[in-house]
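J.: First, the structure itself, so that you have it in front of you.
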Amino acid sequence: MRHPIALITVIGLLAGCGLSGTAPRVESPSTRVSAFSKVTTDDTDLAGGIGTFTATAQRLEAEAVARSGDSLRFATRSGKVTARPGTRSGPAKVSGIFLVPSLAGGAIPGANATVKLFSGGREITSALVGKDGRYELTAPAGGSAELRFELSNRYWKLSRYSWQGPKLESLAGNLDAGSTQLEAGSANAQAAYIHEIYNRALSLFEREGIALDWWNRQLDTVWPANGNYYTRGTVNLSNAEWWDVNGHEIGHALHDQGINGQMGGGQHKIDECYTSNLAWSEGFASFFSAAVSLERDDADAKFEYMVPRRAPLRFENMPGDVCGGPTNEWWTTATLWDLYDSHNEQDDQVTLGFDQIWGALAKSNGKKSVGSMVDAYVLIKDKAEIGQQSALQRLMAFNGMPLRALIAKR
């Protein structure tokens, strides 16, 4: 439900997937290479303290079994390599399973990780890990080799880290490398939590049938970073377990590449008002985090780690002391969520597909760039069915948006 606030606030408030196998619908690489925004997001308020940064960095250093410059390599739990029956002539085929820890506990397939085969210290081939955690490599027969794993692919990379897989005494015939798993409880295994959020994003785009031709620049991910922010194609994260914060920063990165919107920078507090541009880019990033990790029918949709002083951060049941209007990111998130979610109530009777929202705002729309929730509404309204127009207006009013006055000022 929505809580009313005083008239001083404008009579209301503003409101695993795979790259192989059944993959998202990917267009051929675009010849247009978009530049990253020069804006640096400042999400100090979003994540609060970052006291784990130094401790995590020290643990990673201690756990490393090898170093090359700033890059660290870690041990894994690996099974025994066995030879399958069959011919031993021709190229060698190496297959196995790669597993990583999950945010929900237990192990899940390490989908979209990259497995590499090294011989004599030189990479000779590589492949993506499938949605089921399985991989297969083909390499010239002869000599010994070893497997290594990276949480990287054409879309994102955690470039400092790799994991040591089984050693192969002889590349010949069909070899089963068994199961390789990151060490549960180790600091290095937490990198898989970030990889999981990226995979959730891919899964959302896949379910919604959204082509990925716009995602034409690989995102670098720095973890552990000394803060949580996005800048010029790099996602900086301080704590791998903060799924909602990490989804927010990834949301900034994907907004930068795929949305025809203006990014805002500078300090801000989630319950205060500032510029509509800053509120838009921050609110969209939080909406994206919610869309990739929460159920659409959640009657009390909320974030767990975001803004500790206000946690849990509810955006389906908004508190009554948040500054209202399109210059507040919290209400921008709430409005976008109401457009998307399936838990409808009162004057929230709209359930749009994520593809409808994304398509209306995408860089390919040929429209004026979005600088506020009001701008976004105008574009989304134009894409909606005729019968939804009045419901969309009621939803905006439900979230405290005085549309006539605000649209007149656009």
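Laboratory data are not the source of any read-out in this text; all were calculated from the coordinates shown. Remember, it's a predicted structure, so these values are computed and weren't measured experimentally. Every residue, glycine as well, gets a Cβ built from its backbone with ideal geometry; the counts of neighbours run over all protein chains shown.
J.: So for segment 67-182, averaging the separation of alpha carbon pairs under 8 Å that are six or more residues apart and normalising by length, what relative contact order in percent results?
T.: With pairs under 8 Å counted, the relative contact order is 41 percent.
J.: Sort 132-142, 235-245 by packing, meaning the average of other beta carbons within 10 Å per residue, with the highest value first.
T.: Details: 132-142: 16.1, 235-245: 23.5.
The most tightly packed comes first, giving 235-245, 132-142.
J.: Mind grabbing the base-10 log of I(q)/I(0) for segment 100-220 at q = 0.15 Å⁻¹? Debye formula, identical points on the C-alpha positions, no solvent, two decimal places.
T.: Taking Cα atoms of segment 100-220 as identical point scatterers yields -0.73.
J.: Using per-residue counts of other Cβ atoms within 10 Å, averaged over each peptide, order 154-166, 192-204, 300-312 from highest down.
T.: Numbers: 154-166: 20.5, 192-204: 23.4, 300-312: 17.3.
Packing order, densest peptide first, comes out as 192-204, 154-166, 300-312.
J.: Right, another one. According to the square roots a ≥ b ≥ c of the eigenvalues of the Cα gyration tensor, what is the shape class of segment 237-387, taking rounded for a/c under 1.5, prolate for a/b larger than b/c otherwise, and oblate for the remainder? Provide the component values of the computation, followed by the final result.
T.: Working: a/c = 1.42, a/b = 1.18, b/c = 1.21.
Verdict is rounded for segment 237-387.
J.: With Kirkwood's inverse mean 1/r over C-alpha pairs for Rh, give me the Rg to Rh ratio of the chain, two decimals please. The partial results should precede the final answer.
T.: Numbers: Rg = 23.2 Å, Rh = 22.6 Å.
So for the chain, dividing Rg by the Kirkwood Rh gives 1.03.
J.: Tell me, what ³J(HN,Hα) does each residue in segment 307-323 have, in order and in whole Hz, if you take phi through Karplus 6.51 cos²θ - 1.76 cosθ + 1.60 with θ = phi - 60° and put x for Gly and Pro?
T.: Using θ = phi - 60°, the values come out as 6, x, 5, 10, 5, x, 8, 8, 10, 8, 10, 6, x, x, 10, 9, 4 Hz.
J.: List the residues whose amide H sits under 5 Å from the amide H of residue 168, counting only those 5 or more places along or on another chain, with H placed 1.01 Å from N in the peptide plane.
T.: Residues meeting the criterion, in which the H sits 1.01 Å from N, are 145, 146, 147.
J.: Ranked from highest to lowest mean number of other Cβ atoms within 10 Å per residue, what is the order of the peptides 380-390, 281-291? Walk me through the intermediate numbers first.
T.: Numbers: 380-390: 12.9, 281-291: 26.9.
Top to bottom by mean Cβ count within 10 Å: 281-291, 380-390.
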